[in-house]
Amino acid sequence: MAPGAAHFSFRQWSRRLIRPSDTLCRRIGTDRCADIYPLPVASTPPELHTHWDMGASSAPGAQPLDDAPPRHMTAAEFREHGRAVVDWVADYWERVESLPVLSTLPPGAVRAQLPSSPPELGEPFPDLLDDMDRVIVPGLTHWQHPGFFAYFPTGASGPAALADLLASGLGVQGMLWQTSPACTELEQHVLDWLAGLIGLPERFTFAGTGGGVVQDSASTAMLVTMLAALHRASGGQVARDGIDRGRYVVYTSTEANCGFEKTARITGIGASAVRFIQTRADLSMDPQALRAAMEHDARAGFTPVLVMATVGTTSTGAIDPVELIGPVCREYGAWLHVDAAYAGVAAICPELRWIHAGVAEFADSYATNPHKWLLTALDFDACYVADRGALTGALSVLPEYLRNGASESGVVVDYRDWQVPLGRRFRALKLWAVIRWYGAAGLREHIRHSVALAQQFASWVGADERFEVLAPHPLSLICFRLRGDDSANRELLDAVNATGRVLLSHTKVRGAFALRLAIGGTATRREHVAAAWALLAEHANIARHSLGRGHHTEAVSPETG
Ligand SMILES: *Cc1c(COP(=O)(O)O)cnc(C)c1O
């Protein structure tokens, strides 16, 4: 017998004999318990020998098994603390407007307030809530602040937060249909609902040849669909033998999300296989330039694998002409993925459904993030494929320990084959709760409210001759700048953000520094957008003054504008 095993056996045995009380052991911690009852590495008690000598526990350094459970939170305690947590979150939502939007703590300030080592003994739960107030909240940038206009919103909402709690409480792992049929079937169903709401064709649903899957992000949707496209283009060879270096090329516009290049790196085709297609005047992909690039590559012996079109680019909200890009993809046999991470959900409104022109006819896959503009708190990306076989062909691996009758029957969906990880949580509950709480009509109201506020803001900017609007803005993102140089615009952005009342972000539009104001947060109302404009108008003169270039044009006020 290995020495470790003897040590282990004796400690177990002696614990039974000496038996420090379980409660004591728990209070002082198992490690300290072992120090208090130091045990010689010797004489295994014969009656326990055969039992303890078995299995992995005889590995060197193995710790004694402790058959006492830890002190879990009881159901009664969970009820009590759960109510306190719900109250805490509700209070946070009520007071978030009074907090500065952007956290201004220096690097390391949050960590400096945390103990250097974890607690040895459990602590009362209310202590954690105290630290939420004391340590965490001051270190937050408040994405749920009604003055948050940076990047794109991520809408936390009551139903989404509560559904997340339900998912955590159930703690199911839905890798296979069999490991929780409801987890899989609700996801299929809710994603079919969403497909109908945003006007995706039947082939993207489970009634057709495709279907939807919840991913964590639009970037992951890019990854799995690029893998599916490579699978299709290579007839399965990529999955088997890996990437043929220098053979495959993929396309997107110069305005596409940076996740695309990262995806090319991860799949192994490499960043140099990405062709960035130039854009037209409205910053959408130029389909003629795409055709020229594909033609050139095909002649040079490359295989055009995939084109990613964007409906609502991250930088300016530009909408690529999918109906013109689609035929080019068909011609060269390339997979067409449509990234509608931010904008796609706007198609819930019939009057905005034009943003999906061409998707029904031409797209092989499509993704939108309800966690941005559809009140479904992070994380939730709805990713659709028209041919689920390409996706599962690329990603399915079947080890013996996952074999089961339901999977082999072929009539169920095993979502592990639709994603990178094996395990998956019950995220569908979140969108289910959001759709059921708001109803389709409520979701349309949310989108229309955001769009109306954005149009109002754009009209104020457009009516003030110190400013210019830089890009088309049919939805809820406005890109604009002060007529002046980049440094005046940077100064203006810093000045309004420093007030703590709003947060805007920036981008470059045709090389020039531009401010971005994105609307769609759960709490944002007209008065918050008006306040943002008032701040911009007020600070505009200061920014221009400091460069010695001040006109003194009066701001058009939100009330008169
Ligand atoms: C936000 C965004 C992404 C990235 O989304 P993640 O879900 O964070 O990966 C991709 N594309 C577009 C157009 C986006 O707006």
Anything in segment 343-357 that is within 16 Å of the ligand (Cβ to nearest atom) and not in a helix (DSSP H, G or I)? List them, or say none. Ala343
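Among Ile478, Ile542, which is the only one that is modelled with pLDDT under 95 and either crowded, with 23+ Cβ neighbours inside 10 Å or farther than 27 Å from Ser284 by Cβ (or both)?
Answer to the selection: Ile542.
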Considering (1) away from the ligand (no atom under 16 Å from the Cβ); (2) touching a strand residue (DSSP E or B) at 6+ places or on another chain (Cβ under 9 Å), say which one Met308 fails and leave the rest. (1)
If you go through segment 313-323 one residue at a time, do you hit one that is open to solvent by 20 Å² or more (accessible area, probe 1.4 Å) and free of Cβ contacts under 8 Å to residues at least 60 places away in the same chain? yes
Scan segment 258-267 for residues that are within 13 Å of the ligand (Cβ to nearest atom) and either of a type in the set (A, V, I, L, M) or open to solvent by less than 40 Å² (accessible area, probe 1.4 Å) (or both) and jot them down. Gly259, Phe260, Thr263, Ile266
Exclusive hit being within 16 Å of the ligand (Cβ to nearest atom) and of a type in the set (D, E, K, R), set Asp320, Asp297: Asp320
Kindly indicate whether any position in segment 495-504 is open to solvent by 60 Å² or more (accessible area, probe 1.4 Å), outside any loop (DSSP other than H, G, I, E, B), touching a residue at least 24 places away in the same chain (Cβ under 8 Å) and over 19 Å from Ala156 (Cα atoms). no
Considering segment 378-422 alone, what residues qualify as being under 16 Å from His231 (Cβ atoms), without any contact (Cβ under 8 Å) to a residue 24 or more places away in the chain and of a type in the set (Ser, Thr, Tyr)? Ser396
Yes or no: segment 371-389 includes at least one residue that is more than 16 Å from the ligand (Cβ to nearest atom), closer than 22 Å to Arg275 by Cβ and not charged (D, E, K, R). no
Going through Thr184, Thr141 one at a time, which residue ends up being open to solvent by less than 60 Å² (accessible area, probe 1.4 Å), in a loop (DSSP other than H, G, I, E, B) and either among the β-branched types (Val, Ile, Thr) or closer than 18 Å to Phe426 by Cβ (or both)? Thr141
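Just for segment 347-357: of the residues that are touching a residue at least 60 places away in the same chain (Cβ under 8 Å) and more than 18 Å from Phe204 (Cα to Cα), which one is least open to solvent (accessible area, probe 1.4 Å)?
Cys349
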Search segment 101-116 for residues that are over 29 Å from Phe149 (Cα atoms) and pair each with any residue that is open to solvent by 70 Å² or more (accessible area, probe 1.4 Å) when their beta-carbon atoms are under 9 Å apart and the residues are at least 6 apart or on different chains. Gln113/Arg134
Of all residues being polar (S, T, N, Q), open to solvent by 40 Å² or more (accessible area, probe 1.4 Å) and not in a helix (DSSP H, G or I) in segment 78-116, which is nearest to Ser157 (Cα to Cα)? Just the residue, please. Thr104
Which one of the conditions (1) out of contact with any Asp or Glu (no Cβ under 7 Å at 6 or more places or on another chain); (2) open to solvent by 20 Å² or more (accessible area, probe 1.4 Å); (3) within 16 Å of the ligand (Cβ to nearest atom); (4) not small (Gly, Ala, Ser) does Thr252 fail to meet, given that it meets all the rest? (2)
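Output the number of residues of segment 358-405 satisfying the condition of being aliphatic (A, V, I, L, M), part of a helix (DSSP H, G or I) and open to solvent by 20 Å² or more (accessible area, probe 1.4 Å).
3
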Any idea which of (1) among the hydroxyl-bearing types (Ser, Thr, Tyr); (2) at pLDDT 95 or above; (3) over 21 Å from the mean Cα position of the chain (by Cα) is the one Thr209 doesn't satisfy? (2)
Identify the single condition in (1) away from the ligand (no atom under 11 Å from the Cβ); (2) open to solvent by less than 10 Å² (accessible area, probe 1.4 Å); (3) without any contact (Cβ under 8 Å) to a residue 60 or more places away in the chain; (4) small (Gly, Ala, Ser) that Ala340 does not satisfy, given that it satisfies every other one. (1)
Members of segment 268-298 found to be more than 14 Å from Leu324 (Cβ to Cβ), outside any loop (DSSP other than H, G, I, E, B) and open to solvent by less than 20 Å² (accessible area, probe 1.4 Å), listed by number: Ala273, Val274, Asp297
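The values are calculated or read from the model by the stated rules, or taken from the named source; none is laboratory data. The structure displayed is predicted, hence computed values, not measured ones. No Cβ is skipped: glycine too gets one built from the backbone with ideal geometry, and neighbour counts run over all protein chains shown. Remember, those area values only see protein heavy atoms, side chains included, never the ligands or the DNA or RNA. Shrake-Rupley method; radii C 1.70, N 1.55, O 1.52, S 1.80 Å.
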